[in-house]
Amino acid sequence: KTLFFSGLTAMEKKLAEYKCNTNEAIQLKLVRFPEDLEDDNTTFNPEYSHQVFGDDEVAFGYKGLKILLYYIAGNLSTLFRIEYTSKVNEKFDCVEADDVESKIREIIPPGFCTNTDDFVSLLEKEVNFKPFGMLLHTYSIHNEEGGEDITYQIYKADMTCPGFREYHERLQTFLMWFIETASFIDVDDERWNYFLVFEKYNKDGATLFATVGYMTVYNYYVYPDKTRPRVSQMLILPPFQGEGHGAQLLETVHRYYMSSPTVLDITAEDPSENYVKLRDFVLVKLCQDLLCFSPVKLMQGFSQEMVTEAQQKLKINKQHTRRVYEILRLRATNMGDAEQSRSYRLDVKRRLIGPYKKKQRELAKMRRCLRPEEMTNQLNQIDLNLQREQLEESFQQLVSDYRRVLERLAQA
């Protein structure tokens, strides 16, 4: 018995050495110059790989596994290679290594390079790559490192742009690594709009373009003659995150739809926490100069005028307008003043308590079906105390989120 178990653990130990964390094994690069290939500083890793490698995010069967996915910075031509120091052998180890290659092939489009020389020769042709579609916005950001201003441009593209369909197929592979519940979209549906961010950079005296990020928006039909664009996916590639591109992109997209009389308002599909923070900032920035958000009007409470003006002028829906109002009212409120602070707190909590009240009505309905002795007053009391605590917690969390938006606004 003992022998058998110690044998098993030795085998297990051996097999454990052949497990690799796929988030570490996958090495991504956006390549501008041949020397980037050897430079570890240009490498970045996925945040997620569970959609390709399962919930454990593990590939079995290799030691020192490296999955190289290198992209040319502009048109995203791809180099895909797998390297490892050793691999389990079916003859001796009676186990099979995961077929890593076919898992990656499922998400990257065909036509990639498998050797570096081909990739480098494609890199030389990159000077011919130009952004797709129509230029909507140009902005620049000061780069501390190089001590220079870098120019960025935002374009709106669609599937009729030559080469865009193939480019988009390469671009969307990044979603798998950076959005937890990513899925590829049906590009044959003409109601999709694509917004792309590019950086302009110099190489041997020529101006080239590098992909920074993008957003997809779906135009829903609203009876009788309007559309309601819904933001579906938004990704700023990791080397560019934290530089303010998300805010530029979202504001540009809002401004694009604002100019269209047929657009009702803009929504988002299942937004992440980070996206909500970004949206708060952009919408508050857009709304702060509207007359209906003047400090005097903010102090009078949330109004239909705010809803109407934000929707008509800025295509913002009622729910988001309410958040904008709460953030701007916080800015106009002296929280050190007991009366002002109490008034603000009550106003926000009244909105927060909505879902609780609905739940309570449902409970009350349910309880009518129970016998009176099954219903104790205590139960209601526990509910109320818990509710007060949760409400206070939600309120404090909101206020701290709102303050961050206001800090960022003060720096903008």
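The values are calculated or read from the model by the stated rules, or taken from the named source; none is laboratory data. All of these numbers come straight from a predicted model, not from anything done at the bench. All Cβ positions, glycine included, derive from the backbone under ideal geometry; neighbour counts span all protein chains shown. These area figures cover heavy atoms from the full protein model, side chains too; ligands, DNA and RNA do not enter into them. Shrake-Rupley method; radii C 1.70, N 1.55, O 1.52, S 1.80 Å.
Data for the structure
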read-out	value
Whether the range 70-175 is rounded, prolate or oblate, judged on the alpha carbon gyration tensor where a/c under 1.5 counts as rounded	prolate
Choice from GLU57, GLU326, GLU145 showing the highest fluctuation, given a GNM over the chain with Cα pairs closer than 10 Å	GLU145
Highest-first arrangement of 306-317, 392-403, where packing means the average Cβ count within 10 Å	306-317, 392-403
Value of relative contact order over the range 122-235, rounded to a whole percent, pairs C-alpha under 8 Å and six or more apart	22
Residue-count net charge about THR22 - beta-carbon cut-off 12 Å; Lys, Arg +1, Asp, Glu -1	-3
Rounded Å value of the spacing that divides the Cα centres of the range 267-297 and the range 68-83	37
Greater than 21 Å apart at Cα, pairs in LYS125/LYS156; LYS226/LYS277; LYS19/LYS87	LYS125/LYS156; LYS226/LYS277
Spatially proximal lysines relative to LYS357 (Cα-Cα < 19 Å; intrachain offsets below 8 disregarded)	LYS349, LYS365
Gain on full stretching of the segment that runs from TYR221 to SER272 - 0.36 nm per residue minus C-alpha separation	15.9 nm
For VAL31, residues with placed amide H under 5 Å, excluding near neighbours	TYR71, ILE72, ALA73
Considering only the chain, percent of DSSP beta bridges that pair antiparallel, nearest 5	80
Pair ASP158, ASN89: separation of 7 Å Cα→Cβ label points (nm)	5.9
Accessible surface, per residue, of the chain when the full set of protein chains is kept, probe 1.4 Å, Å²	55
³J(HN,Hα) computed for each position of the range 239-253 - Karplus, 6.51 cos²θ - 1.76 cosθ + 1.60, integer Hz, glycine/proline x	x, 10, 6, x, 9, x, 5, x, 5, 4, 5, 5, 5, 5, 5
Entries of LYS130/LYS203; LYS315/LYS359; LYS13/LYS103 with Cα pairs more than 24 Å apart	LYS315/LYS359; LYS13/LYS103
Positive-end residue of ALA97, GLN27, ILE72, charge dipole of the range 1-126 with Cβ unit charges	ALA97
Theoretical FRET efficiency, 1/(1+(r/R0)^6), r = Cβ-Cβ of GLU190 and THR308, R0 25 Å, to 0.05	0.20
Virtual spin-label span in nm between ASN143 and ASP56, 7 Å along Cα→Cβ	4.2
The range 1-126, relative contact order [Cα under 8 Å, separation at least 6], %	24
Mean Cα-pair separation over length for the chain, i.e. relative contact order, pairs under 8 Å, 6 or more apart, %	9
FRET efficiency, 1/(1 + (r/R0)^6) with R0 51 Å, evaluated for LEU15 and CYS369 via beta carbons	0.35
